Amino acid sequence: MSEAPVRFSRDWWRKEWREWRVTLLLVALILALRSVLVDWYYVPSGSMLPSIRIGDRILVHRATFDLRVPFTTWSLARTGEPQRGEIVVLWSPDSGERLVKRLVGLPGDLLELRGQTLFVDGVALAYRPTGELPDAIRAEGHRFTAQLFEEQLPGHPHPVALVLPQGREFGPLRVPDGHYWVMGDNRDNSRDSRAFGPVPRRLLAGRATRVIWSLDEDWRPRWSRFGEPLP
């Protein structure tokens, strides 16, 4: 005996909606909270090596700078000021792509890059050599042997990878009011403010603070990076 066909009556739709509306509302709430408070970001490139590896999933605090209307860049209230040296997630001013970079210039800063030396307000930063880019990291699609340094950015020293004596020089230039200058720690393999210019504050999505988890190209866990703070 064949089964009777399902009748999509008004009562049937009401019953289905009652069963699904709580789930749909919960999903919408989770997505809204991700867009406003806390989010995570998968890192697909090596522009922030050695600080961030390809395959890292990083924690992003979305309400660090502004409390925003969900799913928009409209600010309801400022909650904090971006600080020089911290790692931020942003939307590229030219392509709208989501990126992760280090904030190196604040509004009003005078910046210049000569060779591989960054100058802030006319003062050259110091660079302490710390070795070479490890083979395990260089194997992630990188064709060069970079030297590792600790860049003494005022108040926030951090690692950078440099291919001496290359460097995409710029400046001197003044960061406009309400804008920020960002660069990748992997200085010779990063598309950053040297390409798209200073970033308006409204395009700063939040501060990245640590690695949640990390997988290599074969989807194997990098256990040592789970929960690791970002420099």
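The values are calculated or read from the model by the stated rules, or taken from the named source; none is laboratory data. Computed from a predicted structure; not experimentally measured. With ideal geometry, Cβ positions are generated from the backbone for all residues, glycine too; neighbour counts draw on all protein chains shown.
Sort out which residues of region 180-197 are buried (at least 21 other Cβ atoms within 10 Å of the Cβ) and over 13 Å from the mean Cα position of the chain (by Cα), and write them in order of number.
Scanning region 180-197 gives TYR180, TRP181, ASN186, ARG187, SER193.
Out of all the residues in region 139-153, is one or more of a type outside the set (Gly, Ala, Ser), surrounded by fewer than 19 Cβ atoms within 10 Å (Cβ to Cβ), in a strand (DSSP E or B) and at pLDDT 95 or above?
Yes; the residues of region 139-153 include at least one that is of a type outside the set (Gly, Ala, Ser), surrounded by fewer than 19 Cβ atoms within 10 Å (Cβ to Cβ), in a strand (DSSP E or B) and at pLDDT 95 or above.
Can you run down the residue pairs with Cβ atoms below 6 Å, 6 or more apart or on separate chains, where the first is in region 59-86 and of a type in the set (Gly, Ala, Ser) and the partner is assigned to a strand (DSSP E or B) and at pLDDT 90 or above?
Hits for this filter: SER75/ASP66.
In region 45-79, how many are farther than 21 Å from TRP223 by Cβ and either loosely packed, with under 15 Cβ neighbours inside 10 Å or not charged (D, E, K, R) (or both)?
19
If we keep just the residues of region 168-177 that are in a loop (DSSP other than H, G, I, E, B) and touching a strand residue (DSSP E or B) at 6+ places or on another chain (Cβ under 6 Å), which is surrounded by the most Cβ atoms within 10 Å (Cβ to Cβ)?
Among them, the one singled out is VAL175.
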